[in-house]
Every structure is written in C-alpha cells, then in structure tokens.
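Before any comments, here is the structure.
The values are calculated or read from the model by the stated rules, or taken from the named source; none is laboratory data. All of these numbers come straight from a predicted model, not from anything done at the bench. Positions of Cβ are generated from backbone atoms using ideal geometry, with glycine treated the same way; all protein chains shown enter the neighbour counts.
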Amino acid sequence: MTKIAVIVGSVRPGRVSREVAEWVHTIAAKRPDATYELVDIADYDLPAFDEELPPQYGQYAKDHTKRWAAKIGEFDGFVFVTPEYNHSIPAALKNALDFIYAEWQNKAAGLVSIGAAGGVRAAEHLRAIAAELQIATVQAQLPLPVAADFPSYPTFTPSEGRADELGRVLDQLESWAGALKTVRA
C-alpha cells in the first residue's frame, strides 16, 4: 500500500496550517488506495541545520536528524501544507527539507497552500526546492485564499468545492507515488 505523509509546513504559534493539514488528513484517510499519516515538523524540534556533512552524504550524526530521516523514509509521497510567508515557504519547512536528502528522492508530492493569494507563490518556490530534491510535484494543487477559506480568521472554513479540488490533488499524488516506487526499487 502506498504511504503518504501530510506534512504541516509551519511551526509558528497560532498557525492555521495545522488545522488545514488535519482537514486534508481527514479527507485523505477515507481513500482506499493509500494510507495517510499526519506529520507535524513541530514535533521534531529541528534546530537550524546543524549537521557537519552535507545531507547528500547520508551520514547523519545528530539524533534529531536520524529521527527525521527515519520518519520521512517511511513514505512514498507527501502532501505539503504550507502557508505563504513573504512570497515563499516558512523557514521551518525549508530547514526540514534541507536536513535530509536521499529520504526525499524519487517520491511524489501534492501541494496545499495558504495565503492572501492562496499561497501560490509559496507553492511555486516549494516546487523548485522539491525538484532539486528529486521530489516530483503533481500538477494539481489546492490554493486556499485567506479571504475565501478563512472568513473568520483564524478559523478554517473551506469554500464549497475545496474537497473536490483536494481529491484531484490526491488522485494525481497516489498515481505518481505508486509509479515512483518502481524507480526506487
């Protein structure tokens, strides 16, 4: 069975990405062709990147890095739930991506972004970062504009049709994640 992580891409107190990720997970968990797990980078207490060797060597020395690598290594794909901070992704998400290398490779990702303009600029930055890590991002994505999907901010109230849009992301993600298993084999 294909295993996919729904990654909460912010650690900020008061963040809305956790609530959105829980919504994504609730919908995704009902799907029969993959298993989904909520992974919150806040639970891993990653400091600013502190390994002596670049992650491409795969020689992780720190316990927090080994724990993070082991968790990410379990998955065939990812749904990144990211807010947009200053036209990009949060520093904590970038740091979590940078900490490890091989554990990301030849896996698929779908993007759910949050921001004034739906977080689309953060999603575009995340696509470029993912490409360098050899993560294949699927074409469908779910942008969530704050004005439409958080009318009583910070409460998340998804607009009509958002679950269907998420379904398209998950359809593509499950297909690509399954196909990329053969590349890793």
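Summed over the range 70-94, residues that are assigned to a helix (DSSP H, G or I) and farther than 13 Å from Leu133 by Cβ total 5. Report, by residue number, each residue of the range 1-42 that is within 25 Å of Ala116 (Cβ to Cβ), assigned to a loop (DSSP other than H, G, I, E, B) and not hydrophobic (A, V, I, L, M, F, W, C). Residues satisfying the conditions are Gly9, Ser10, Arg12, Pro13, Gly14, Arg15.
Kindly indicate whether any position in the range 143-157 is farther than 12 Å from Gly9 by Cβ, in a strand (DSSP E or B) and within 15 Å of the chain's Cα centre (by Cα). Checked the range 143-157: at least one residue is farther than 12 Å from Gly9 by Cβ, in a strand (DSSP E or B) and within 15 Å of the chain's Cα centre (by Cα). Looking only at the range 174-183, decide whether some residue is at pLDDT 95 or above, surrounded by fewer than 18 Cβ atoms within 10 Å (Cβ to Cβ) and closer than 20 Å to Gln56 by Cβ. Yes, the conditions are met somewhere in the range 174-183. Would you call Ala102 surrounded by fewer than 21 Cβ atoms within 10 Å (Cβ to Cβ), farther than 17 Å from Ala5 by Cβ, modelled with pLDDT of 95 or more and out of contact with any Pro (no Cβ under 7 Å at 6 or more places or on another chain)? Judged against the criteria, Ala102 is not a match. Applying the condition of being more than 13 Å from Asp40 (Cβ to Cβ), of a type outside the set (S, T, N, Q) and modelled with pLDDT of 95 or more to the range 14-27 and asking which residue is surrounded by the fewest Cβ atoms within 10 Å (Cβ to Cβ) yields Ile27. Cβ-Cβ contacts under 6 Å between residues 6 or more apart (or on different chains), taken from a first residue in the range 144-167 that is without any contact (Cβ under 8 Å) to a residue 40 or more places away in the chain to a second residue that is of a type in the set (A, V, I, L, M) and surrounded by 17 or more Cβ atoms within 10 Å (Cβ to Cβ), are listed as Glu165/Leu142.
Among the residues of the range 116-142, those that are part of a strand (DSSP E or B) and closer than 18 Å to Ala163 by Cα comprise Val138, Gln139, Ala140, Gln141, Leu142. Got a number for residues in the range 133-152 being out of contact with any Lys or Arg (no Cβ under 6 Å at 6 or more places or on another chain) and closer than 16 Å to Leu180 by Cα? Residues in the range 133-152 being out of contact with any Lys or Arg (no Cβ under 6 Å at 6 or more places or on another chain) and closer than 16 Å to Leu180 by Cα: 5 in total.
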